[in-house]
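Remarks on the structure that follows.
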Amino acid sequence: MTIDIPTIRNFDQLMEAAMARAPKRVGIVGGAQRQTMHAACRACAMGLATCILIDNPHRAQTIAAEEGLDLSGIEIVPEDDTMEAAYKGVELVHAEQVDLLMNGRAQPVELMKAALDSKTGLRIGKLLTDVSIFEIPEFDRLIFVSDVAVIVTPSLSQKIAIVQNAIDTAIDLGIPLPKVAILAATEMVNPEMPASMDAANLSKMAERGQVRGGLVDGPLAMDNAISPKAAAMKGITSQVAGNADILITPDVESGNILAKAISYFAKGRMAAVVVGGKCPIIMPSRSDPPEQKLVSLALGVYLAR
């Protein structure tokens, strides 16, 4: 039986939906970081999550004293080295002591190295990919962008997994048939532009059922992916053009630049999570303010099984 999930269109609705599935146990790798601790304390206070900081206890207690934070409901697992903290976080997942992980002050590559470890990691036979979700002023929906953090130069087969993970995440957030734009510099297929060739292949593969659950079209330039007016002016006939829910970038560099541009130029708010593993891995930017980290935490809680 299919259960209808209300479409989540903004972060207020995401928080409400996450609270309905709360609380979840969150292991925070390198959690003794000011913004992260503010988010963790607020999540605990509101009943969204119970948090375990994997870090140096003295560091955490010093920050708590300086920031006026109450750590009475937060457990601290001692580990000063962030790489070792990442492996401890993965151990806690396998021991079923936490439901998901979150990054604090660790380098993202450290947490991903532990998650991708062939012997002790969080692989379940799928590619782990980042899905970043944006709430953008004057947009009537959330915009999903992938992959902006994990797969540096994806092959075509990896792009298939990136698209599928993004579609599955959008469906989890109540979008019944996500519209996926495979981005390139132009909507024209050009053999001298590998990104456009991959986009065309992905579009055809979706038509043949090799990507499931969404409408996929590409190559599409950024303007005609999200602007109905631009798509119409260029004479593009497509169910996706102008109305994309998901933007798939050619590589991590273009994805990261797009994500930062949305955040800093368009004043969009971002929630980021790595999917495809044994549990969600919340991956906010280390420079995010507490409010934005809290939204990423809510996304992870919502997606955790």
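To keep it simple, each residue is scored yes or no on (1) over 16 Å from LEU299 (Cβ atoms); (2) over 17 Å from the mean Cα position of the chain (by Cα); (3) not hydroxyl-bearing (Ser, Thr, Tyr).
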site	(1), (2), (3)
PHE134	no, no, yes
GLU138	yes, yes, yes
LYS159	yes, no, yes
GLN164	yes, no, yes
Across the range 122-141, what is the number of residues that are out of contact with any Gly (no Cβ under 8 Å at 6 or more places or on another chain), closer than 26 Å to SER157 by Cα and assigned to a loop (DSSP other than H, G, I, E, B)?
1
The range 177-205: number of residues that are in contact with a helix residue (DSSP H, G or I) (Cβ under 8 Å, 6 or more places away or on another chain) and either touching a residue at least 40 places away in the same chain (Cβ under 8 Å) or closer than 15 Å to ILE162 by Cβ (or both):
11
Give GLY300, GLY276 a once-over and let me know the one that is surrounded by 24 or more Cβ atoms within 10 Å (Cβ to Cβ), modelled with pLDDT of 95 or more, at positive phi and in contact with a Lys or Arg (Cβ under 8 Å, 6 or more places away or on another chain).
GLY276
Consider MET233 carefully, then state whether it is more than 23 Å from VAL274 (Cβ to Cβ), surrounded by fewer than 20 Cβ atoms within 10 Å (Cβ to Cβ) and in contact with a strand residue (DSSP E or B) (Cβ under 9 Å, 6 or more places away or on another chain).
no
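Go over the candidates ILE175, ILE171 one by one and state the one that is closer than 18 Å to ALA17 by Cβ, assigned by TED's automatic domain parsing to the domain that holds ALA261 and assigned to a loop (DSSP other than H, G, I, E, B).
Being closer than 18 Å to ALA17 by Cβ, assigned by TED's automatic domain parsing to the domain that holds ALA261 and assigned to a loop (DSSP other than H, G, I, E, B) holds for just one of ILE175, ILE171, which is ILE175.
Out of MET15, MET102, I need the residue that is hydrophobic (A, V, I, L, M, F, W, C) and in a helix (DSSP H, G or I). Which one? First the steps, then the outcome.
Numbers: MET102 fails: in a helix (DSSP H, G or I).
Every option except MET15 fails the conditions.
Which of the strands (runs of 3 or more DSSP E) found entirely inside the range 210-305 contain at least 2 residues meeting this: of a type in the set (Gly, Ala, Ser)? Quick ask: steps written out before the conclusion?
On the way: elements: 215-220, 246-248, 269-275.
Here the list reads 269-275.
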Pairs where the first residue, in the range 255-270, is not assigned by TED's automatic domain parsing to the domain that holds ILE226 and surrounded by 19 or more Cβ atoms within 10 Å (Cβ to Cβ) and the second is assigned to a helix (DSSP H, G or I) and at pLDDT below 95, C-beta under 9 Å, 6+ apart
none
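Would you be able to say whether some residue in the range 101-121 is among the β-branched types (Val, Ile, Thr) and surrounded by fewer than 20 Cβ atoms within 10 Å (Cβ to Cβ)?
Of the range 101-121, the ones among the β-branched types (Val, Ile, Thr) are 109, 120.
Now drop any that are not surrounded by fewer than 20 Cβ atoms within 10 Å (Cβ to Cβ), which leaves 109, 120.
Scanning the range 101-121, I find at least one residue that is among the β-branched types (Val, Ile, Thr) and surrounded by fewer than 20 Cβ atoms within 10 Å (Cβ to Cβ), so the answer is yes.
The values are calculated or read from the model by the stated rules, or taken from the named source; none is laboratory data. All figures in this text were calculated on a predicted structure; none of them were measured in a lab. Please note: Cβ atoms are built from the backbone with ideal geometry, for glycine as well, and neighbour counts cover all protein chains shown.
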